[in-house]
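Contents: one structure, followed by commentary.
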Amino acid sequence: MTVKVSLTVNGKPASAEVEERTLLVNFIRDNLRLTGTHVGCDTAQCGACTIHMDGRAVKSCNMLAMQAEGADIVTIEGIAKADGTLHPMQEAFRQHHGLQCGFCTPGMVMSAIDLVKNFPNPTEEQIREQLDGNLCRCTGYHNIVKAIKAASQQAA
Amino acid sequence: MYSFNYRKVKTVADAAKVLAKDGDAKLLAGGQSLIAAMKLRLAHPSEVIDLGTIKELSGIKADGKAVVIGAMTRHAEVAASAAVKKAIPALASLAGVIGDRMVRNMGTIGGALANNDPAADYPAAVLALGATVVTNTRKIAADEFFKGMYETALGQGEIITSVSFPVPKRAAYMKFRNPASRYAIVGVFVADFGSSVRVAVTGAAASVFRVASMEKALAAKFAPESVANIAIPDKGLNSDLHAKADYRAHLITVMAKRAVETAMK
């Protein structure tokens, strides 16, 4: 059995016939071919699959595509400007070398944007505490925290 | 994940109808436990009834006497709610330490209570505050709601619609969490209502429970030293790779003491 799912992804309408059990992350990666959203642990722990749904950061591997029916989804591909100018959070990650292998980075950036929105001008402790849903297997946390701190100061 | 039929419903009554007919149907709230269980094939419902589109189930109302939270209200909304922070700050702070930020953006109070995970946080608040769980058919007192591991008083076709929390004089929740999963190894919620005190413990046993000895001591004198020397027997407590039963028993006393200290601030 299949169902039709329709939603907005990065400002564009998207729809497809999918199996009911299709996870949102698989819809994004396999149907839309937006492979910037990663599947790390597939158990909702690592946060590599973090996207924004109606302005909230959520883990796309732990929800059905159908749960996003009618929602406004933003993935890592949708945050830079059309001319290629990076989002300030992406730019801060680049400036502060907030990545090593890069696998966790899309999720880190999407999570960090939501973090700064909910905790404007966060302390380092707040950043570390609120980043607990994102794991970096390279353990490159110091520079990630620095990048988020820098981006938050820019935003303020 | 095994396949299933997916169904969106507009009203609680529609959801109840489907649920009553099919014993293998499951309600989907935020899905932060259910989807994970389905991926592991620990749960394989025939039908998934998505409550996500029922607007009436979401929202927070508060006055001086009670805070009423709709079943589909996300943890993040409760944690950030100015009304909850003002009336029962301990409840907002509890909601802010469930899982991680992304989980809190999806997970709901109704889903957490219906699931009754032994290490979930909300059951401690519901039991300690003596909340009332409101369903589509009746009102269930907290003391009657939690029946055992993943077991509640909810009957077939019954759906939680909201939870009503009485406002205490002061309260606090202290959680010793697993550093990886963020689940409570032990969490203690202490609520002082002036004439009575209620203490509820989560994470330590098959289901949330109250500690009569601590409640009595705190009703006589609400101070950390009242509970500091109350030893909890480890019989019946969870023993697993995260913590042995005697360690959990010890943690209950320590967390209770810290909760009282925090409530007094």
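Once C-alpha pairs closer than 8 Å and six or more residues apart are averaged by separation and normalised to the residue number of the range B:165-265, the relative contact order reads 29 percent. Think of each Lys and Arg Cβ as +1 and each Asp and Glu Cβ as -1; about the Cα centre, that makes the dipole of the protein assembly as shown roughly 700 debye. Pairs spanning more than 19 Å between alpha-carbon atoms, out of A:LYS59/B:LYS10; B:LYS86/B:LYS169; B:LYS65/B:LYS85; B:LYS10/B:LYS55; A:LYS59/A:LYS117; A:LYS4/B:LYS21: A:LYS59/B:LYS10; A:LYS4/B:LYS21. Taking other C-beta atoms within 10 angstrom as a stand-in for reagent exposure, B:MET1, B:MET264 fall in the order B:MET264, B:MET1, fewest first.
Using the Cβ-Cβ distance between A:HIS142 and B:LYS17 with R0 set to 56 Å, the FRET efficiency from 1/(1 + (r/R0)^6) comes to roughly 0.55.
In a simple Cβ point-charge model (Lys, Arg +1; Asp, Glu -1; nothing else charged), the range B:14-152 has a dipole of about 300 debye relative to its Cα centre. Counted over the range B:203-265 with a bin width of 5 Å, the fraction of Cα pairs per bin, in whole percents, is 4, 19, 27, 24, 15, 9, 3, 0.
How big is the charge dipole of chain A about its Cα centre, in debye rounded to the nearest 20, if each Lys and Arg gets +1 on its Cβ and each Asp and Glu gets -1 on its Cβ?
That gives chain A a dipole magnitude of about 320 debye.
Just counting partner chain Cβ atoms within 10 Å, what average do the residues of peptide A:53-62 show around their Cβ?
5
Determine, from the Cβ-Cβ distance of B:VAL254 and A:ASP72 and an R0 of 45 Å, the FRET efficiency 1/(1 + (r/R0)^6), rounded to the nearest 0.05. After rounding to 0.05, the efficiency reads 0.50. The radius of gyration of the Cα set in the range B:1-148, together with its Dmax, comes out at 15.3, 47 angstrom. Expressed as a whole percent, how much of the Cα-Cα distance distribution for the protein assembly as shown exceeds 32 Å? The answer is 38 percent, as a whole percent. Considering every alpha-carbon pair of chain B, the percent of pairs per 5 Å bin, from zero through the bin containing the longest distance, is 1, 6, 13, 18, 19, 17, 12, 7, 4, 2, 0, 0. In plain terms, the residue of A:LEU86, B:LEU91, B:LEU19, B:LEU40 with the fewest other Cβ atoms within 10 Å comes first and the most crowded comes last, giving B:LEU40, A:LEU86, B:LEU19, B:LEU91. Looking at the range B:20-129, none of the GluC sites (Glu not before Pro) sits in a DSSP loop with at most 11 other Cβ atoms within 10 Å of its own Cβ.
By the compact-protein rule of thumb, 2.2 N^0.38 Å, the alpha-carbon radius of gyration of the range B:141-224 corresponds to a ratio of 1.23. For peptide B:101-114, the mean count of partner chain Cβ atoms within 10 Å of a residue's Cβ comes to 5. In the protein assembly as shown, helices alone account for a calculated mean residue ellipticity at 222 nm of -9000 deg cm²/dmol, with every DSSP H run of four or more residues adding -39,500 (n - 2.57). List the trypsin sites (Lys or Arg not before Pro) within the range A:73-156 that DSSP assigns to loop and that have no more than 15 neighbouring Cβ atoms inside 10 Å. Passing sites in the range A:73-156 are A:LYS81, A:ARG137.
Only the coordinates and a few stated rules stand behind these numbers; no lab work does. This one's a predicted model, so the numbers in the text were calculated from it and none came from an experiment. For neighbour counting, all protein chains shown are included, and Cβ atoms are generated from backbone atoms with ideal geometry for every residue, glycine included.
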